[in-house]
Amino acid sequence: MAELRGRTKQEPPETTVGEPPNLLPVTGTDTLTTPTRNPTNKKLSLLPLIFLIYFEVAGGPYGEEPAVKAAGPLLAILGFLIFPFIWSVPEALITAELSTAFPGNGGFVIWAHRAFGPFCGSLMGTWKFLSGVINVAAFPVLCIDYLEKLFPVFDSGLPRKLAILISTLFLSFVNYTGLTIVGYAAVGLGVVSLLPFIIMSLIAIPQIHPHRWGSLGQQGVKKDWNLFFNTLFWNLNFWDNVSTLAGEVEKPQKTFPVALFSAVILTCLAYIVPLLAVTGAVSVDQSEWETGFMANAAQMISGKWLKIWIEIGAVLSAIGLYEAQLSSSAYQLQGMADLGFLPKFFALRSKWFDTPWVGILLSTAITLGVSYMTFTDIISSANFLYSLGMLLEFASFVWLRRKYPTMKRPYRVPMRLPGLVIMCLIPSGFLIFIMVIATKIVYLVSGLMTVGAIGWYFLIKFCRSRKLLEFNNGDENEDEEG
């Protein structure tokens, strides 16, 4: 969209056949300065962006253990080898193309709006925002779960609740201090949390018995496919969340594809190398492969010092995951406000740190509200809502290629339309499977939230038509609706 450079709101750009009219502004980029953006604020460079994406998705091999418990070593290893190719790579390719074609903090909201109109854009925004903040709630819980191994007082009761509350508020304040700080903190957190797994994997080499990799699990232990697939999905999704930060990235058209593909490689290696090391070197009862078992395995392989390091690394990883995903949720709300999907005050930024404080505050409040659910219910609810959003995202990607075939795309997935359809159908089938095996409570929670999302769209439409609240770009959205 280089043609938009230098134009003002009063000068609508000319369009050519196959190129979309600029009904939505590109938010937060160098080409547009809005009242909510400080143009002198430093932007994200390549290395911090790689580690922010890494923490959006993984944050290390913490949490992959239940896959072994659910289906045995062989299927867990195959899952983490194959699943990235049928899920992570397609999602990263789509994110690279659409983030560079529509570089703004609205991310996937812009994509759905351009493809199918404002209703789908609003629905996409609500699904992805809710799945994001529900997912964020898992990380303070995960952090306290590891801390309780060192400090048993956090096991239950008031101390545990206070620990979750204080850690959530503190981490949200760190997020408030700025995305550049969060980005470089992610680099440090990533290195420190990965280093003990690298050391453990090297020490484990002489102890590995390759025949253990071929085990389908203990005889008589029933496969738990719900746990297996939800574990894979939760550990390898959310690649597109970083699209909501596109307006904060230095030269996004060049930086995004490189950062995404680098993060895919880093994430896959971070999962598969420790998994091969531990399943090959340690023989324990299959039921012991609970979340956190990697720390116990480190003690068996090397000693208690490495177990403590991995437990500390788990806490640091949870911090990185929280910061990265809270940033995406907060900047998504700011982008939606800039685009007119939310009232204007959602786009307000801090005078001191230039961060979207309203988005951070609302995201933190919802996160606190769901942080006392069980870890399994948090993951399952986030997965279901995320699946709904991803089905709409795949449809938007294919439809935008058909609708605007000649539109300039700085990065373009090297496939024709039939190939893109096949690329999207495979992960779509998996998404439907994840939704089918969901529990009744997940259906109930997700159904109520979807009804709420539809009601929210019509409420916002009513407020805009009656001018009850102030919106950005109201005229453009009304034109699009008409």
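The values are calculated or read from the model by the stated rules, or taken from the named source; none is laboratory data. This one's a predicted model, so the numbers in the text were calculated from it and none came from an experiment. For neighbour counting, all protein chains shown are included, and Cβ atoms are generated from backbone atoms with ideal geometry for every residue, glycine included. Surface areas here come from the heavy atoms of the whole protein model, side chains and all, with no ligands, DNA or RNA. Shrake-Rupley method; radii C 1.70, N 1.55, O 1.52, S 1.80 Å.
Looking only at helices (runs of 4 or more DSSP H) that lie completely in the stretch 246-352, which have at least 2 residues being open to solvent by 50 Å² or more (accessible area, probe 1.4 Å) and in contact with a Ser or Thr (Cβ under 8 Å, 6 or more places away or on another chain)?
Numbers: elements: 252-281, 293-301, 304-338.
Correct list: 252-281.
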Taking the stretch 421-436 and keeping residues among the aliphatic types (A, V, I, L, M), at pLDDT below 90 and open to solvent by less than 40 Å² (accessible area, probe 1.4 Å) leaves Leu431, Ile434, Met435
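In this structure, is Pro103 part of a helix (DSSP H, G or I) and either farther than 26 Å from Ser193 by Cβ or in contact with a strand residue (DSSP E or B) (Cβ under 7 Å, 6 or more places away or on another chain) (or both)?
On the way: part of a helix (DSSP H, G or I): no; either farther than 26 Å from Ser193 by Cβ or in contact with a strand residue (DSSP E or B) (Cβ under 7 Å, 6 or more places away or on another chain) (or both): yes.
Considered against the rule, which asks whether it is part of a helix (DSSP H, G or I) and either farther than 26 Å from Ser193 by Cβ or in contact with a strand residue (DSSP E or B) (Cβ under 7 Å, 6 or more places away or on another chain) (or both), Pro103 comes out as no.
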The correct count of residues that are within 14 Å of Leu388 (Cα to Cα), touching a helix residue (DSSP H, G or I) at 6+ places or on another chain (Cβ under 9 Å) and not small (Gly, Ala, Ser) in the stretch 439-456 is 6
Please verify whether the stretch 353-364 includes one or more residues that are open to solvent by 10 Å² or more (accessible area, probe 1.4 Å), assigned to a loop (DSSP other than H, G, I, E, B), touching a helix residue (DSSP H, G or I) at 6+ places or on another chain (Cβ under 7 Å) and not basic (Lys, Arg). yes
In the stretch 181-193, residues that are surrounded by fewer than 20 Cβ atoms within 10 Å (Cβ to Cβ) and either in contact with a helix residue (DSSP H, G or I) (Cβ under 7 Å, 6 or more places away or on another chain) or more than 30 Å from Gly359 (Cα to Cα) (or both) total 3
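Scan the stretch 60-69 and tell me whether some residue there is open to solvent by 30 Å² or more (accessible area, probe 1.4 Å) and at pLDDT 85 or above.
The first filter runs over the stretch 60-69 and keeps only residues open to solvent by 30 Å² or more (accessible area, probe 1.4 Å), leaving 69.
Narrowing the set further to residues that are at pLDDT 85 or above leaves 69.
Yes: one or more hits.
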By residue number, the members of the stretch 84-95 that are open to solvent by less than 20 Å² (accessible area, probe 1.4 Å), touching a Phe, Trp or Tyr at 6+ places or on another chain (Cβ under 8 Å) and either among the aliphatic types (A, V, I, L, M) or within 26 Å of Thr279 (Cβ to Cβ) (or both) are Trp87, Ser88, Ala92, Ile94
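Select, from Leu98, Leu81, Leu75, the only residue that is more than 15 Å from the chain's Cα centre (by Cα) and open to solvent by less than 10 Å² (accessible area, probe 1.4 Å). Walk me through it before giving the result.
Values: Leu81 fails: open to solvent by less than 10 Å² (accessible area, probe 1.4 Å); Leu75 fails: open to solvent by less than 10 Å² (accessible area, probe 1.4 Å).
Just a single option satisfies the conditions, and that option is Leu98.
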Result of the Cβ filter at 7 Å on the stretch 126-139, keeping first residues that are within 15 Å of Gly107 (Cβ to Cβ) and partners that are among the charged types (D, E, K, R) and open to solvent by 10 Å² or more (accessible area, probe 1.4 Å), at least 6 apart or interchain, is none
